[in-house]
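Working notes, beginning with the structure itself.
Here, each number is a calculation from the coordinates, and none is a lab measurement. All figures in this text were calculated on a predicted structure; none of them were measured in a lab. Quick reminder, even Gly has a Cβ in these numbers, built from the backbone with ideal geometry, and neighbours come from all protein chains shown.
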Amino acid sequence: MIKSWFSQGNDRSQPQVLSPGQARAGQYSASQDSTSQDTAGQDSAANGLAAQQSAANTIVVGGGCFWCTEAVFLAVRGVVAVASGYSGGIQNDPDYESICTGTTGHAEVVSVQFDPSSINLKTLYQIFFATHDPTTLNRQGYDSGTQYRSVIFTLDEEQDRVARGLFAELEAAKVFAAPMVTEIVPLKRFWIAESYHQNYFERNPFQGYCVGVVAPKVTKFRKQFAKYLK
């Protein structure tokens with residue numbers, strides 16, 4: 001079950017699942033208790049979902065800086081919660097400073113909870129592949145290091161099947177000029193990132209990186225996937 005993979009809160013050694021109220025845009029704090037309720041401004045989609053999400057309704061992906069990936073998925077119709085975090089490494093309870101050394105093995109990732117009646121798994125993976133460069137090893141633009149690798153962490157066999165199938169389709173169609181290097185591996189654990197990373201682009205639209213990197217990526221996404229916007 002998904003509960004065994006997710007960690008958050010003051011004691012992040014105790015795995016928990018992020019509820020829509022905890023992880024949704026602008027409301028999640030890494031220091032809040034897993035039983036706390038966030039009721040301010042919750043949209044109807046978040047209110048209508050159970051706090052415990054099944055593995056089939058959550059994906060974990062890394063496509064470079066998680067500020068970019070988070071901003072993209074927050075705009076997708078059917079997505080009810082996005083949280084930035086770290087996965088794939090050897091260090092327990094990682095933080096931003098440690099993963100930036102490139103020695104922990106963790107990638108910057110986002111956990112995306114979605115309503116399958118509004119958007120399907122393959123479409124989410126299509127958005128993921130289209131909004132970063134899956135052909136550059138351990139790099140996205142000027143961001144270089146293993147923490148910026150292209151990766152899909154699968155939570156069940158269905159996710160693995162869909163991810164690998166789409167990967168093969170894109171490779172066969174030569175959608176990208178170079179071979180794709182995206183890793184597709186089972187998720188072991190998702191560690192929630194510090195609270196200041198959550199909903200970063202919306203809270204810091206005029207920060208230099210957001211202006212120069214995140215905003216253009218979001219604009220491109222909104223044009224390419226207009227029919228999937230909230």
Exercise for review: Write out the trypsin sites (Lys or Arg not before Pro) in the stretch 87-194 meeting two conditions: DSSP loop, and at most 12 other Cβ atoms within 10 Å of their Cβ.
Suggested key: Lys174, Lys188
Practice item. Determine, for Ser111, Ser117, the number of other Cβ atoms within 10 Å of each Cβ, and report the residues in order from fewest to most. Key: Ser117, Ser111
Point to revise | Exceeding the 22 Å Cα-Cα cut-off - candidates Lys174/Lys230; Lys122/Lys227; Lys188/Lys230; Lys188/Lys227 | key: Lys174/Lys230; Lys188/Lys230; Lys188/Lys227
Check your understanding: Can you sort Cys100, Cys68, Cys210 by how many other beta carbons sit within 10 Å, fewest first?
Key -> Cys100, Cys210, Cys68
Practice item. Beta carbons within 10 angstrom, averaged per residue: use that to sort the peptides 218-225, 103-110, highest first. Key: 103-110, 218-225
**Study point:** Estimated FRET transfer efficiency (Arg77, Cys100; beta-carbon r; R0 41 Å; 0.05)
**Key:** 0.80
Revision key, fill the gap. If R0 = 35 Å, then Tyr196 and Ala172, at their Cβ-Cβ distance, give a FRET efficiency to the nearest 0.05 of 0.25
Study note, to complete from the structure: Here the gain from full extension of Asn92 to Arg164, 0.36 nm per residue of separation minus their alpha-carbon distance, amounts to 23.1 nm
Point to revise | Sorted by Cβ neighbour density within 10 Å, fewest at the top, the residues Ser118, Ser150 | key: Ser118, Ser150
Practice item. With a ≥ b ≥ c taken as the square roots of the eigenvalues of the C-alpha gyration tensor of the stretch 83-230, please select rounded if a/c is under 1.5 and otherwise prolate if a/b is larger than b/c or oblate if it is not? Key: rounded
